[in-house]
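The values are calculated or read from the model by the stated rules, or taken from the named source; none is laboratory data. Predicted model, so just to flag it, every value in this text is computed and none were measured. Glycine gets a Cβ as well: all are built from the backbone with ideal geometry, and neighbour counts include every protein chain shown.
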Amino acid sequence: MTWSAPLLLAVGLLVTAALAYAAAVSARRRKAALAAAGLAVPGGRRAYLGVGLTIAGVAVLAIATAGPAAMVPVPRAAGTVILAIDVSNSMSADDVAPTRLAGAQRAARAFVAAQPDSVDIGVVAFERGALTTARPDADHSVALKAIDRLKVTGGTSLGAAITASLTAITGKQAALGRDGAPPPDLGYWPSATIVIFSDGQNQGNDVEQVAALAQQAGVHIHTVGVGTTAGAAVKVDGYNLQTSLDEDTLTLIAQTTGGEYHPATDTARLDGVAGTIDLRLTVSDEPLPLAGGLIGLALVLLTAGAALTVLRSGRVI
């Protein structure tokens, strides 16, 4: 239980105590005066029920004035999400109209728009290397601007995408240990998620080890496969290269970290990606204001007290 104005609570309870004392003194004097006149005291304890209800109403109103709030556990989507978007040359393929990259951008923007302010979103652009183009922030407009600026270039390293995303989440340099050295201790981040938008065309053989590093840090990775298994040709340095969706690699990454693979082979599936990626819920204590209910109860008590007083004596006081 928390109070926004504890001083008002103390003052209100003192006023209530003073009213209760005054009522008790008044009742004793009245009883003594009637006894001295040889008259019986009417009604017994029921005669003071109206006064009691009125004082109780004042007490409840005093509590309500102090702004009480109960702390209740509320599940909500929260934490950090890194959108890692493939900007390699293969993302210029047009087997997903108008291009794979444009489709990934559209799906990423829809995902950002679907998230509440309680989720911090960052953006990593990756090809052979990876660059954090927007650090995790509750201001989602920063992520949207970073998504809009993406252009295709270079090859593809899914390992670099994951390590750069882990670095953005943890604030520590994430990389596989060299020469048998153990990987860095990144801590445990159960409320963090990485969403990779890529065709899965990977250069390098470190994907499984880097995914295991994310799993050890408690970070789930969801992968979105942008493209088709039939593929399409792209022109790179004057050469026409055939490129197709590698679902196996993207599925391996997702399964290793406890995430899911989401195929997005056409416009309809891309548009629905935002609704299929579930972020983990966290439970946090949030204040539930009680003043409204207490004010209602106080009005009931005050009304009942006044009504009984009028019915008993024909007077409001």
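Within the stretch 250-265, the set of residues being among the small types (Gly, Ala, Ser) and over 16 Å from Val96 (Cβ atoms) comprises Ala254, Gly258, Gly259. On inspection, Arg135 passes the criterion of being in the same structural domain as Leu250 (by TED's automatic domain parsing) and in a strand (DSSP E or B).
Out of Val152, Val195, one residue alone is in contact (Cβ under 8 Å) with a residue 60 or more places away in the chain, in a loop (DSSP other than H, G, I, E, B) and not acidic (Asp, Glu). It is Val152. Kindly indicate whether Glu208 is assigned by TED's automatic domain parsing to the domain that holds Ala108, acidic (Asp, Glu) and closer than 24 Å to Arg109 by Cα. Spelling it out, it is not the case that Glu208 is assigned by TED's automatic domain parsing to the domain that holds Ala108, acidic (Asp, Glu) and closer than 24 Å to Arg109 by Cα. When restricted to residues that are in contact (Cβ under 8 Å) with a residue 40 or more places away in the chain, part of a helix (DSSP H, G or I) and not aromatic (Phe, Trp, Tyr), the stretch 96-114 contains 10.
Only one of Asp185, Asp237, Asp148 is more than 30 Å from the chain's Cα centre (by Cα) and acidic (Asp, Glu). Can you tell me which? Result: Asp237 is the single residue among Asp185, Asp237, Asp148 that is more than 30 Å from the chain's Cα centre (by Cα) and acidic (Asp, Glu).
Could you count how many residues in the stretch 199-216 are under 18 Å from Pro184 (Cβ atoms) and of a type in the set (Gly, Ala, Ser)? Total satisfying the criteria: 3.
Annotation note: Cβ proximity below 6 Å between a residue of the stretch 223-236 that is at pLDDT 90 or above and a residue that is of a type in the set (Ser, Thr, Tyr) and assigned to a strand (DSSP E or B) (sequence gap 6+ or interchain) occurs for Thr223/Tyr261; Gly231/Thr243; Val234/Thr243.
Could you list, in sequence order, all residues of the stretch 169-189 that are of a type in the set (A, V, I, L, M), at pLDDT 75 or above and not in a helix (DSSP H, G or I)? Those that are of a type in the set (A, V, I, L, M), at pLDDT 75 or above and not in a helix (DSSP H, G or I): Ala174, Ala175, Leu176, Leu186. Scanning the stretch 197-242 for residues that are surrounded by fewer than 16 Cβ atoms within 10 Å (Cβ to Cβ) and either on the phi > 0 side of the Ramachandran plot or of a type in the set (Lys, Arg) (or both) yields Gly204, Lys235, Asp237, Gly238. Here Gly171 clears all of (1) touching a Ser or Thr at 6+ places or on another chain (Cβ under 8 Å); (2) over 18 Å from Val226 (Cβ atoms) except the condition numbered (1). Looking for something modelled with pLDDT of 80 or more, over 30 Å from Thr243 (Cβ atoms) and surrounded by 13 or more Cβ atoms within 10 Å (Cβ to Cβ) - is there at least one such residue anywhere in the stretch 76-90? So far as the stretch 76-90 goes, yes, one or more of its residues are modelled with pLDDT of 80 or more, over 30 Å from Thr243 (Cβ atoms) and surrounded by 13 or more Cβ atoms within 10 Å (Cβ to Cβ).
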